[in-house]
Amino acid sequence: MEIKTYVIGLEKRFDRRAAIQSNFKELNYEHYNAINGDELNIQKLVEDGIISNCIKSPLTGIMTKGVIGCALSHLNVWKKIAEEDEMALILEDDAFLDCHINTLFSSFKNIEKLKEWDVIFLGKQSVDIINHKLSPSNYSEYVESVSNYAEDLHEMRYGAGFFCAHAYILNKDSANKLIEQAEKGIDYPIDVFIEEMKKFNFKIYSTARSLIRQKSHALLDTLKKENSLKDIDSDTWVNKRKHLKSLSIEVDFDMIKKIEIKKSDDNYLKEEPYVYMFL
C-alpha cells in the first residue's frame, strides 16, 4: 500500500533534506517548504484571525515564532491533502525511521482494517505509545517487548507530555475537519491542536510504538542531567538560542504580552496545567 508523503522543512535546511532522502528513500514524498516563523508578522496574523490571541500549551510551555510557522506549514499541507489526495503521510524534516521499512509498510496495510479513522500517528514524543506509563529500563528492552506488534494500530488516549506531530497520516475528510477548526483561529501548537480534536469526536489512532521518531526528542532520551541541551537541533524551540538550561517555558518574549499558568478550560485532562500565552 503506497501513501503519498509530504515532508515539511525550511528551504535552507539542505542537511535535513539529505537525511530524509537517505532515511525514507523508499517513500514517494514531496518536499514542502515550511513557513519561516522569524519572517511572520504575528500581530497581523492575530488581527486577521489566523491565529488566536491566546495560545495554550501544556507544561512545558513552548511558544516561539518557529512554533507558529510550523503550525501554518501543517495547515497549508492539510489544504493540499484536502484538494489533491485521498490519504497522505506528513513528516517533519527532522524525523527518522526507527524500524525496518517493511514494518512501516505493514502499518500502512493495517489502515485497511479500520472502519473509521481521522489521524494515525506513526510516532510521538514517547517511544512507547499505547502503554507509555510502563517505563522499561532501556529503549532496547521496550523495542523487544513490542517487536511482534509494533505496527498494530490502536485508538490513542489523550495526554500531556505525549505530543509531537512529526509523523502522522490524514485522509481527505480529516484534513477538511482540521482546516475547518483551524479557520476559527489556531490556539495551540499544532501537535496539541490535532489531539484537542478529540473533543469533536476526532478518531485518533497510533502504532504500538514510535516507528518514526524525531531527532530532538530521541536526543533528549540520551541526555544526562548534567548535560546542556545546546546541541539539540530544533527549528521551533532551540536553534535561535546559544544555551538552554531548561525546557520549562520557552517563548519569544517580544511577541508575548502576558503568560498565565492554570488548569485548561477545555482539554481532556482537565487537571493538567496549561500555559496560556497572550499575544
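Within the stretch 27-58, the set of residues being in contact with a strand residue (DSSP E or B) (Cβ under 9 Å, 6 or more places away or on another chain), free of Cβ contacts under 8 Å to residues at least 40 places away in the same chain and of a type in the set (D, E, K, R) comprises just one member, Glu30.
Within the stretch 252-279, which residues are at pLDDT 65 or above, assigned to a loop (DSSP other than H, G, I, E, B) and of a type in the set (A, V, I, L, M)? Can you show your working first?
Here is the first cut: in the stretch 252-279, the ones at pLDDT 65 or above are 254-263, 273-279.
The next check asks that each one be assigned to a loop (DSSP other than H, G, I, E, B); those that pass are 254-257, 279.
Met255, Ile256, Leu279 - these are the residues of the stretch 252-279 that are at pLDDT 65 or above, assigned to a loop (DSSP other than H, G, I, E, B) and of a type in the set (A, V, I, L, M).
If we keep just the residues of the stretch 23-53 that are under 15 Å from Ile90 (Cβ atoms) and of a type in the set (A, V, I, L, M, F, W, C), which is surrounded by the most Cβ atoms within 10 Å (Cβ to Cβ)? Can you show your working first?
The first filter runs over the stretch 23-53 and keeps only residues under 15 Å from Ile90 (Cβ atoms), leaving 24, 27-35.
If we keep only those that are of a type in the set (A, V, I, L, M, F, W, C) too, we end up with 24, 27, 34-35.
Values: Phe24: 20, Leu27: 19, Ala34: 25, Ile35: 21.
In this case the residue turns out to be Ala34.
Within the set Ile111, Ile81, Ile68, Ile90, the sole residue that is more than 18 Å from Thr5 (Cα to Cα) and surrounded by 15 or more Cβ atoms within 10 Å (Cβ to Cβ) turns out to be Ile68.
Scan the stretch 55-78 for residues that are at pLDDT 95 or above and part of a loop (DSSP other than H, G, I, E, B) and the total you get is 0.
Pairs meeting the criteria (first residue in the stretch 192-203 and surrounded by fewer than 19 Cβ atoms within 10 Å (Cβ to Cβ), second residue modelled with pLDDT of 85 or more and among the charged types (D, E, K, R), beta carbons under 6 Å, at least 6 apart or on different chains) are Phe202/Asp118; Lys203/Glu116; Lys203/Asp118.
Yes/no matrix, rows are residues, columns are (1) touching a helix residue (DSSP H, G or I) at 6+ places or on another chain (Cβ under 9 Å); (2) more than 17 Å from Ala165 (Cβ to Cβ); (3) acidic (Asp, Glu); (4) not in a helix (DSSP H, G or I):
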residue: Glu2; (1), (2), (3), (4): yes, yes, yes, yes
residue: Val7; (1), (2), (3), (4): yes, no, no, yes
residue: Ala18; (1), (2), (3), (4): no, yes, no, no
residue: Ser22; (1), (2), (3), (4): no, yes, no, no
residue: Leu27; (1), (2), (3), (4): yes, yes, no, yes
residue: Tyr32; (1), (2), (3), (4): yes, no, no, yes
residue: Ile35; (1), (2), (3), (4): yes, no, no, yes
residue: Lys44; (1), (2), (3), (4): no, yes, no, no
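Would you mention how many residues in the stretch 85-103 are without any contact (Cβ under 8 Å) to a residue 60 or more places away in the chain and assigned to a helix (DSSP H, G or I)? Residues in the stretch 85-103 being without any contact (Cβ under 8 Å) to a residue 60 or more places away in the chain and assigned to a helix (DSSP H, G or I): 1 in total.
Given the structure, is Lys56 over 18 Å from the mean Cα position of the chain (by Cα) and at negative phi?
Working: over 18 Å from the mean Cα position of the chain (by Cα): no; at negative phi: yes.
For Lys56, the condition - over 18 Å from the mean Cα position of the chain (by Cα) and at negative phi - is not met.
The values are calculated or read from the model by the stated rules, or taken from the named source; none is laboratory data. Everything quoted here is computed from the prediction, not taken from an experiment. We place every Cβ from the backbone using ideal geometry, glycine too, and count neighbours over all the protein chains shown.
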